[in-house]
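Worksheet: one structure, shown below.
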Amino acid sequence: MAESSHFEGAVDLPLLQVGPDDYAFDAPVAWSVDVTNTGSALLVEGTASGEATCACARCLEDVTRGFEGEIEGYFLIEGEYAQGASDDDEDEPGEDEFEVLPADHVMDLMPLIEAALRVDAPNVPLCRDDCAGLCPSCGANLNEGPCGCGPDEALEEFERAANPFSALADFKFD
């Protein structure tokens, strides 16, 4: 039977970079994991959660959202793995795929916590699904109402170019 232990805590993660977006965590990120000895490796499973602020991709206003990521990782037990595995054994994990448990037996969970939060991050952070963004002419936040610039030819041209059928706009049908 595999032996398990439970651990939990909190870690300061001031900034998490996900693609072009920076998420600022004002409070520590809470984490909780179960570590199971499978014989050749230590299986780490759990969760990480916190609340972070990022700029909306359309209007640049601050957006605060909760994160809840699943932690999963393996740490190979060097002595156990070296004794029982051969290079031809495809059922056993290779040392290049997983971390090896350090000699001091202290696991660094930070990369696993960061990976769990990155997976939970949205592709495009938005303040709301129907965010109108900024006026391309004057930079006003269009969520607060029209900016008063009037019809902008550049904006109309941009919207027309974004339409996949825009090439048919000037097509003369016989």
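The values are calculated or read from the model by the stated rules, or taken from the named source; none is laboratory data. Since the model is a prediction, treat every value here as computed from it, not as a measurement. In this analysis, Cβ positions are derived from the backbone assuming ideal geometry, glycine residues included, and neighbour counts consider all displayed protein chains. Protein only, heavy atoms only, side chains kept; ligands, DNA and RNA dropped before computing areas. Shrake-Rupley method; radii C 1.70, N 1.55, O 1.52, S 1.80 Å.
Evaluation of Val44 against the conditions (1) out of contact with any helix residue (DSSP H, G or I) (no Cβ under 8 Å at 6 or more places or on another chain); (2) open to solvent by less than 70 Å² (accessible area, probe 1.4 Å) shows that the sole unmet condition is (1).
A count restricted to the range 20-31 and to residues that are open to solvent by 30 Å² or more (accessible area, probe 1.4 Å) and either free of Cβ contacts under 8 Å to residues at least 12 places away in the same chain or in contact with an Asp or Glu (Cβ under 8 Å, 6 or more places away or on another chain) (or both) stands at 6. Within the range 36-50, the set of residues being closer than 18 Å to Pro111 by Cα and either over 23 Å from the mean Cα position of the chain (by Cα) or without any contact (Cβ under 8 Å) to a residue 24 or more places away in the chain (or both) comprises Ala41, Leu42, Ser49. Of the candidates Ala132, Ala103, the single residue that is within 30 Å of Glu156 (Cβ to Cβ) and assigned to a loop (DSSP other than H, G, I, E, B) is Ala132. Of the strands (runs of 3 or more DSSP E) that lie entirely inside the range 7-64, those containing 2 or more residues that are modelled with pLDDT of 90 or more and among the charged types (D, E, K, R) span 21-25, 41-55. Between Val124, Val119, the distinction of being at pLDDT 90 or above, of a type in the set (A, V, I, L, M) and assigned to a loop (DSSP other than H, G, I, E, B) belongs to Val124 only. A residue that is under 28 Å from the mean Cα position of the chain (by Cα), at pLDDT below 90 and loosely packed, with under 11 Cβ neighbours inside 10 Å cannot be found anywhere in the range 132-153. Among the residues of the range 95-112, is there at least one that is at pLDDT below 95, crowded, with 17+ Cβ neighbours inside 10 Å and either of a type in the set (S, T, N, Q) or under 30 Å from Asn141 (Cβ atoms) (or both)? No, there is no match, as no residue in the range 95-112 is at pLDDT below 95, crowded, with 17+ Cβ neighbours inside 10 Å and either of a type in the set (S, T, N, Q) or under 30 Å from Asn141 (Cβ atoms) (or both).
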